[in-house]
Amino acid sequence: MYRNLPMHLSQDARFGTLCIHAGQEPEPATGAIIPPIFQTSTYVQDALGRHKGFEYGRTQNPTRFALEANVAALEVGRAGFAFASGMAAIGAVASLLQAGDHTVVTDNTYGGTYRLFERVLRRYHLEFTYVDTSVPDEVEAAMRHPRTKLVFLETPTNPMMQVADIARIAEIAHAHGALLAVDNTFASPYVQQPIRLGADLVIHSTTKYLNGHSDGIGGVVVATGEKEIEWLRFVQNAAGAILGPFESWLVLRGTKTLALRMPQHNANGLTLAQFLASHRKVRKVFYPGLPDHPQHELARRQMRGFGGMLSVELGSLEAARAVLDHVRLMALAESLGGVETLICHPATMTHASVPDERKRRLGISDGLVRISVGVEDIEDLTADLEQALARV
Ligand SMILES: *Cc1c(COP(=O)(O)O)cnc(C)c1O
């Protein structure tokens, strides 16, 4: 039940159709069009050794299965696994590694990922090297054959919005016998599908664009290889960090409109980036859709639109504070990917756990402000920033 594409969906169904239908078919008992929230911990068995394929809620849940099949289809993978958070999903991917293994990681990765790798997983004798993955040669140079088992990529990066060449880095990883995992949270599968470009694993914090409504925490891993699928299925149950049925249902509701929301995030992101780039109070805008972005050409090839995330350098903590204190429509908050616009200060919020020296090296300065551009009317967003920038 709910594991495969439903019968009524043809193999060449397009992305927007998959968003709505993949992983879902009318519930057999009642015909309910939406997969119900199977809020149950266990399942009654017919007789000893005879059951309907559902034994215990951590191991099997139809609502979660529906979501897993849905996201697997959107990421063109063979199976998906939903976890209690994006971090739990990243932890599950890391559990593919063994003591002594080495991983090459994007240097301005999500702060929580850096914290997990450095503060938790190093204790288990896993090693991590952080490089600028927008330069493929740096990835190549960091590979320690045969100990490097994983390349962990984020593109665009958080918060500096650097873009990595997924296809090129997949070649490098595979030439060294390593897997490529891409954290696709910032882009969403509407904007890019890493597996089509050679990635083996795709990770999402569903908390962001997949859910899209800022009302739940969750994570998903989509895999392609038989060995990885087998292990992830095992470890999801063995370690137990599953996504609950209600959260699974919320994310499924979110993915239904992903193909409608993303074009608006893309359009608003680009317009706001252009507005800020021409504003005299703004030092620099980091957005892959701007022609002066160092990987703009790559982003044009690799992405469908440039997403809704951008960062701006305002020059000082005082300038950043003035804007953050005076925005009215935009909400000062961590997180991203919701329909409402959020604005934050990476240095003290999302990246507070990154050491100061490292922040400086990456460009996460006191004057840097990150915006998750929502789907509001763009005139209202530019007007809000205009009045806030007037206070700088
Ligand atoms: C938010 C985020 C995560 C962590 O996800 P949670 O759901 O908060 O655990 C990982 N990677 C990226 C890029 C994120 O934005």
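The values are calculated or read from the model by the stated rules, or taken from the named source; none is laboratory data. In this text, all values refer to a predicted model and were calculated from it rather than measured experimentally. Virtual Cβ from ideal backbone geometry, glycine too; neighbours counted across all protein chains shown. Ligands, DNA and RNA are stripped out before the accessible areas are found, and what is left, the full protein with its side chains, is counted by its heavy atoms. Shrake-Rupley method; radii C 1.70, N 1.55, O 1.52, S 1.80 Å.
Select from TYR114, LEU250, LEU329 the residue farthest towards the positive end of the dipole of the chain; place +1 on Cβ of Lys and Arg, -1 on Cβ of Asp and Glu, and compute about the Cα centre. My answer, from the dipole projection, is TYR114. With unit charges on the beta carbons (Lys and Arg positive, Asp and Glu negative) and the dipole taken about the Cα centre of the chain, which residue among SER214, SER316, THR148 sits farthest to the positive side? Result: THR148, furthest along the dipole toward the positive end. Whole angstrom only: what separates the Cα centroid of region 48-91 from the Cα centroid of region 245-265? Result: 17 Å between the Cα centres.
Within the listed set ASP183, ASP165, ASP377, the Gaussian network model of the chain (springs between alpha-carbon atoms below 10 Å) gives the highest mean-square fluctuation for ASP377. I'd like the orientation of helix 258-277 relative to the chain: the angle between its Cα long axis and the longest Cα principal axis, in ° from 0 to 90, rounded to 10. It works out to around 10 degrees.
For LYS149, the lysines whose Cα falls under 17 Å of its own Cα, not counting residues fewer than eight places away in the same chain, are LYS227. For the chain, take the longest principal axis of its alpha carbons; what is the angle in degrees between that and the long axis of helix 378-389, to the nearest 10 within 0 to 90? That works out to roughly 50 degrees. Averaging the Cα positions of each part gives two centres, and for region 285-323 and region 338-365 these lie 14 Å apart.
Against the longest principal axis of the chain, how steep is helix 62-74, in degrees 0 to 90 to the nearest 10, with axes from Cα atoms? Approximately 50 degrees, to the nearest 10.
Taking label points 7 Å from Cα along the Cα-to-Cβ direction, ARG50 and GLN387 give a separation of 7.0 nm.
With 0.36 nm allotted per residue and the present C-alpha distance subtracted, the ASP215-SER316 stretch has 33.1 nm of extension available. Taken one residue at a time, the phi angles of region 220-227 give Karplus couplings (6.51, -1.76, 1.60, θ = phi - 60°) of 9, 10, 10, 10, 10, x, 4, 5 Hz. Gly and Pro are set to x.
What the Cβ-Cβ distance of LYS227 and TYR124 gives, at R0 = 25 Å and to the nearest 0.05, is a FRET efficiency of 0.80. All alpha carbon pair distances within the chain were sorted into 20 Å bins beginning at 0; the resulting P(r) in whole percents reads 29, 56, 15, 1. Taking 0.36 nm per residue of sequence separation and removing the Cα-Cα distance, the ARG196/ARG14 pair yields an extension gain of 64.1 nm. Is region 137-276 rounded, prolate or oblate when judged by the Cα gyration tensor, a ≥ b ≥ c being the square roots of its eigenvalues, rounded requiring a/c under 1.5 and prolate requiring a/b larger than b/c? Verdict is oblate for region 137-276. Think of each Lys and Arg Cβ as +1 and each Asp and Glu Cβ as -1; about the Cα centre, that makes the dipole of the chain roughly 360 debye.
Largest to smallest in accessible area, the residues TYR287, TYR43, TYR56, TYR110 fall in the order TYR56, TYR110, TYR43, TYR287 (1.4 Å probe, all protein chains included). Quick check on region 188-266: take the gyration tensor over C-alpha atoms, sort the square-rooted eigenvalues as a ≥ b ≥ c, and tell me if it's rounded (a/c under 1.5), prolate or oblate. Here region 188-266 falls in the oblate category. Between GLN98, GLN45, GLN24, the residue with the greatest mean-square fluctuation in the GNM of the chain (Cα pairs under 10 Å linked by springs) is GLN45. Multiplying the residue separation of SER353 and ALA331 by 0.36 nm and removing their Cα-Cα distance gives an extension gain of 5.7 nm.
The calculated 222 nm mean residue ellipticity attributable to helices in the chain amounts to -10000 deg cm²/dmol, summing -39500 (n - 2.57) over DSSP H runs of n ≥ 4 and dividing by all residues. Counting only residues at least eight positions apart within a chain, or on another chain, the lysines with an alpha carbon under 25 Å from that of LYS281 are LYS359.
Largest mean-square fluctuation among SER311, SER335, SER188, in a Gaussian network model of the chain whose springs join Cα atoms under 10 Å apart, belongs to SER335.
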